[in-house]
Amino acid sequence: MDYFDPHIHMVSRTTDDYATLARMGCVAMSEPAFWAGFDRGSADSFRDYFRQLTETEPQRAAQYGIQHFTWLCINAKEAENVELSREVIAMIPEFLEKSNVLGIGEIGLNKNTKNEAIIFLEHLELAIEHNQLILIHTPHLEDKYQGTKMILDMLCDDKRIEPSHVLIDHVEEHTIGPVLEKGFWAGMTLYPISKCTPSRAVDMIERYGTDRLMPNSAGDWGPSKPTAIPDLIFEMRKRGHSEATIRKVVYENPIDFFSKSPNFHFTPRH
Ligand SMILES: [Zn+2]
């Protein structure tokens, strides 16, 4: 089945992964900007990273017939350095016209600190000013519930933000309800050790329905599985879900959401 991976960090994956994903049916992916595993030393380091996301990765992906889209930001882990964060935010408009850029992300919170909230709000301003979609990372484990609540409050306090233009990622059983109720899109991350497994994701689909919901692998440099979406497809088939239902969550929903960006030019396979 053709599918999208709406959240995967291909800069940290091998070319073999592109080949495997293509064989498993991945036709498009979106890659949010994220933490490199170490703090970057300067804004120029981000400029090079944004060139990699907007120039190099689309070419690597295209060799395997995969369309590559991306999102730009400085991540929450580096937001403690407010000065660097502001330099990066000031540079992002240089890249917003690049043909594969869908919006601002993955912004959000990590440890729910004051500086993280300041930089989150400044990213929201950037997105509003440039009419961009927004992709949001919610914190890990013990910080997730509180962090998701803080994020929802900040988003709902700003009436300029259209919830249907925002994807809130890494939802779990205790955060998916408020995200969907307030009209946002929700991303479920299928991770081998934390976040959500394929069977828990299918439980959530069965409980909340298929609207505004999409799975992703968030494959990156840590323990993660780039082929997690095919695992979810397999789990849904095993439970007797129709091909149309599966296709909606792994293919049609990402297309619906990404189509709100003028830069999303997707060519389906024929
Ligand atoms: Zn990520």
When residues of the stretch 183-200 are limited to those that are touching a helix residue (DSSP H, G or I) at 6+ places or on another chain (Cβ under 6 Å) and more than 16 Å from the ligand (Cβ to nearest atom), the one nearest to residue 255 (Cα to Cα): 184
Hey, residue 167 within 16 Å of the ligand (Cβ to nearest atom) and not β-branched (Val, Ile, Thr) or not: yes
Inter-residue pairs, beta-carbon under 8 Å, first within 29 Å of residue 227 (Cβ to Cβ) and in the stretch 28-45, second away from the ligand (no atom under 16 Å from the Cβ) and in a loop (DSSP other than H, G, I, E, B), 6+ apart: 28/66; 28/266; 29/66
Any chance residue 231 is closer than 23 Å to residue 27 by Cβ, within 16 Å of the ligand (Cβ to nearest atom), surrounded by 14 or more Cβ atoms within 10 Å (Cβ to Cβ) and not polar (S, T, N, Q): no
Output for the stretch 80-132, where each listed residue is under 18 Å from residue 69 (Cβ atoms) and in a loop (DSSP other than H, G, I, E, B): 96, 97, 98, 99, 100, 130, 131, 132
Whichever residue in the stretch 143-164 is within 16 Å of the ligand (Cβ to nearest atom) and crowded, with 19+ Cβ neighbours inside 10 Å and, among such residues, is farthest from residue 122 (Cα to Cα): 144
Residues within the stretch 239-270 that are over 22 Å from residue 176 (Cβ atoms) and either touching a His at 6+ places or on another chain (Cβ under 7 Å) or not small (Gly, Ala, Ser) (or both), tallied: 10
Yes/no for residue 89 being within 16 Å of the ligand (Cβ to nearest atom) and modelled with pLDDT of 95 or more: no
Subset tally (residues that are part of a loop (DSSP other than H, G, I, E, B) and not aromatic (Phe, Trp, Tyr)) for the stretch 13-59: 11
In the stretch 102-137, the residues that are aliphatic (A, V, I, L, M) and within 16 Å of the ligand (Cβ to nearest atom): 102, 104, 107, 109, 133, 134, 135, 136
Test for residue 247: is it out of contact with any helix residue (DSSP H, G or I) (no Cβ under 8 Å at 6 or more places or on another chain), part of a loop (DSSP other than H, G, I, E, B), in contact (Cβ under 8 Å) with a residue 24 or more places away in the chain and surrounded by fewer than 22 Cβ atoms within 10 Å (Cβ to Cβ): no
Yes/no for residue 72 being buried (at least 21 other Cβ atoms within 10 Å of the Cβ) and under 18 Å from residue 120 (Cα atoms): yes
Test result for residue 180, part of a strand (DSSP E or B) and not polar (S, T, N, Q): no
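The values are calculated or read from the model by the stated rules, or taken from the named source; none is laboratory data. As the structure is a computational prediction, the values presented were derived from the model and not from experiment. Using ideal geometry, Cβ is built from the backbone for each residue, glycine included, and neighbour counts are taken over all protein chains shown.
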